[in-house]
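One structure is given here, and the rest of the page talks about it.
The values are calculated or read from the model by the stated rules, or taken from the named source; none is laboratory data. Values in this document were obtained by computation on a predicted structure and should not be read as measured data. In this analysis, Cβ positions are derived from the backbone assuming ideal geometry, glycine residues included, and neighbour counts consider all displayed protein chains.
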Amino acid sequence: MSGQEGLNVLSLHTDIKVVVSDYMMPGMNGVEFLKRAVEILPDVVRIILTAHEESKVLLTAINEGLVYKFILKPWDDDDLKITIDNAAERHNLVLQNRKLLDDLAASNTALKSLNNGLECIVGERTAELLKFETAIKGTQDWVLITDADGVITYANQSVSDISGYSIDAIMGQKPSVWKSGSHDVTFYEDLWQCLRAGQPFRHVFINKKADGRLFLLDNTINPIKDEQGIIKAFVSSGKDITQQKYLEDRLAYLAYYDPVTNMPNKSLFCDRLDMAIARIKHRERLVAIMIVGTDNFGMVIDTIGRDNADKILVELAQRLMSVVRDGDTVSRLGTNDFGLALNDIACKEDIPCLIDKVRSVIDNPIYVGLEVFRVSVSIGISICPDDAQTVQELMRNAYLSLSQARRSGGNTFKFYLPEMNRKASEFVDMERRLMKAIDNKGFVLHYQPYFNIVTGEIKGAESLLRLQSDDLGLIMPARFIHVLEETGLIVKAGGWVLEEVIAQLGRWQQEERARVPVTVNLSAVQFRTKDLSRRIRSSMQAAAVDPHLLSFEITESAFINDLDASIEAIDKGAWSQYID
């Protein structure tokens, strides 16, 4: 989608909460897109996806408030989902907070108007006071009147609703009935000094309800004088802002803490890491970061559900906290990734000891109800100043190391090596080539026959996928299959292979060529795709191809890794006619 197309969508859908934009897009870059998006939807929360070399360009946009978060490529899908969920919650909280502020402003305007008239009303006859009481009975704001000694002579229903005390219970009492002990002696001295001088006093009072809970009252107290200037009464008017304060605190919390583990989130982790780097600039000390990622955690979530999986994450967080030193930071960086910022390290040789501690505490069984789980982790390590001298570079290098550890089979650790940058660049370059090939039909299929060694007769063929590149020529699968699998593009590429093989079988039939079966390699992800067998049957019927001419091959490891899901896929997909 181009930038202009995205802006058209925003213009038509004013209820959009979160916009996720790539930095690179047709027609305009991501920053230009977000500037125009703000003009259409000022409150939308903005996230941008960017490559490392683009992140510096985004600093100005971030400082100007155009971008809420930016995520480096390649990103973790679960990490991106959490970021979007948090952004949506932030959007909701901002709107709620704004509504409360608007309500408060409107109420304060109305109360100011009421207070301006109170001085005249109190001095008038009882009938006029009754008129005033009728006017304020229906307001949802706190309205309270005391005599010159502070004894309550009037309270509207909102005073009772907010404080939990009945009106009869507070009549004749003093406002100290709500005293919570949260304000010191100086606070009350300032209050009475201001009121006795005939001046209004405004403050947020922390009061106590009848049930002992606290509530926050944005309260203004006005002294009422007679014609001689003598104070005859005090009028207290205010609004309960307890919920507003909660929302403000919640917004501040979500900005820096993970709501599941109550640990610092990625933003706070990076802030603390930046300070740690600054402290060692003129000292011969090191700062290291370890990114600890659980292996195959998606399978755990599928097995026990998100809520129970969160309990495992909380336990892992507590275990990681137990092995670091005071002053170090443990953070939840993504769905199943934790970050450890290790400050003021004397030498690299100190790091393996901590790695052993981390792996030791993680290796212990975790109990969720009656079930027992063991979790393995992969760890990526990057060191400042040896590997990088900025937060962004350290994080990037640590994630590269983590990816290398996972590609090595998991349950291991890797220190950053410069060679990883080259491999990461090659990965991104290949991903772009594959996306272009999918869009522009840049793949080609070769068919490798196999023969009966006795008769020499062709018994069948295997379809082999190749990538045709303008600058590199024909690229073999060993260079790109793992990229297809890791990026999820394997589903689209595999779908193209199936359609192409079925179409080729149809052409061979029309040309009356030898009718031999063709084997197609299926990835585990593609094998478990819903309705795959139905789509295959539909394509074969459309091409009038005999189903016995098509067979599939899937690796044993992909099949056995999740045997139950594989059996279910076979049962639901009616694969028997394609399986030997």
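What to note about this one:
- Filtered residues of region 143-187 (kept if touching a residue at least 40 places away in the same chain (Cβ under 8 Å) and either at positive phi or in a strand (DSSP E or B) (or both)): Val143, Leu144, Ile145, Thr146, Asp147, Gly150, Thr153, Gly164
- Test: residue in region 202-216 that is hydrophobic (A, V, I, L, M, F, W, C), assigned to a loop (DSSP other than H, G, I, E, B) and either under 45 Å from the mean Cα position of the chain (by Cα) or not assigned by TED's automatic domain parsing to the domain that holds Gly150 (or both): yes
Condition check ((1) in the same structural domain as Glu486 (by TED's automatic domain parsing); (2) at pLDDT below 85; (3) in contact with a strand residue (DSSP E or B) (Cβ under 7 Å, 6 or more places away or on another chain)) across all residues:
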{"site": "Cys353", "(1), (2), (3)": "no, no, no"}
{"site": "Asp363", "(1), (2), (3)": "no, no, no"}
{"site": "Ile366", "(1), (2), (3)": "no, no, yes"}
{"site": "Gly369", "(1), (2), (3)": "no, yes, no"}
{"site": "Phe373", "(1), (2), (3)": "no, no, yes"}
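Residues checked against (1) of a type in the set (D, E, K, R); (2) without any contact (Cβ under 8 Å) to a residue 40 or more places away in the chain; (3) closer than 19 Å to Ala398 by Cβ:
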site: Leu273; (1), (2), (3): no, no, yes
site: Ile289; (1), (2), (3): no, no, yes
site: Gly305; (1), (2), (3): no, yes, no
site: Ala309; (1), (2), (3): no, yes, no
site: Ser322; (1), (2), (3): no, yes, no
site: Val330; (1), (2), (3): no, no, yes
site: Phe338; (1), (2), (3): no, no, yes
site: Asp344; (1), (2), (3): yes, no, yes
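- Residue within region 520-530 that is among the hydroxyl-bearing types (Ser, Thr, Tyr), assigned to a loop (DSSP other than H, G, I, E, B) and in the same structural domain as Arg433 (by TED's automatic domain parsing) present: yes
- Pairs, first surrounded by 14 or more Cβ atoms within 10 Å (Cβ to Cβ) in region 4-22, second in a loop (DSSP other than H, G, I, E, B) and of a type in the set (A, V, I, L, M), C-beta under 7 Å, six or more apart: Leu10/Ile16; Leu10/Leu41; Ile16/Leu41; Ile16/Val44; Lys17/Val44; Val18/Val44; Val19/Val44
- Whichever residue in region 376-409 is within 23 Å of the chain's Cα centre (by Cα) and of a type in the set (A, V, I, L, M, F, W, C) and, among such residues, is surrounded by the most Cβ atoms within 10 Å (Cβ to Cβ): Ala398
- So Lys436, is it at pLDDT 85 or above, in a strand (DSSP E or B) and charged (D, E, K, R): no
- Count of region 261-285 residues which are farther than 21 Å from Gln318 by Cβ, buried (at least 17 other Cβ atoms within 10 Å of the Cβ) and of a type outside the set (A, V, I, L, M): 1
- Candidate set from region 313-341 (those that are buried (at least 23 other Cβ atoms within 10 Å of the Cβ) and of a type in the set (S, T, N, Q)); member that is modelled with the highest pLDDT: Ser331
- Where strands (runs of 3 or more DSSP E) fall entirely within region 288-398, those with at least 2 residues that are among the β-branched types (Val, Ile, Thr) are at 329-332, 366-368, 377-384.
- Unmet criterion (only one of (1) part of a helix (DSSP H, G or I); (2) modelled with pLDDT of 60 or more) for Arg515: (1)
- Taking region 364-386 as the range and being among the charged types (D, E, K, R) and closer than 17 Å to Ile301 by Cβ as the test, the residues that pass are Glu371, Arg374.
- Listed by first and then second residue, the pairs linking a residue in region 451-467 that is closer than 22 Å to Leu498 by Cβ and surrounded by 10 or more Cβ atoms within 10 Å (Cβ to Cβ) to a residue that is at pLDDT below 90 and charged (D, E, K, R), with Cβ atoms under 7 Å apart and 6 or more places separating them unless they lie on different chains, are Leu467/Arg433.
- Residue among Ala503, Ala544 that is part of a helix (DSSP H, G or I), of a type in the set (Gly, Ala, Ser), more than 33 Å from the chain's Cα centre (by Cα) and modelled with pLDDT of 80 or more: Ala503
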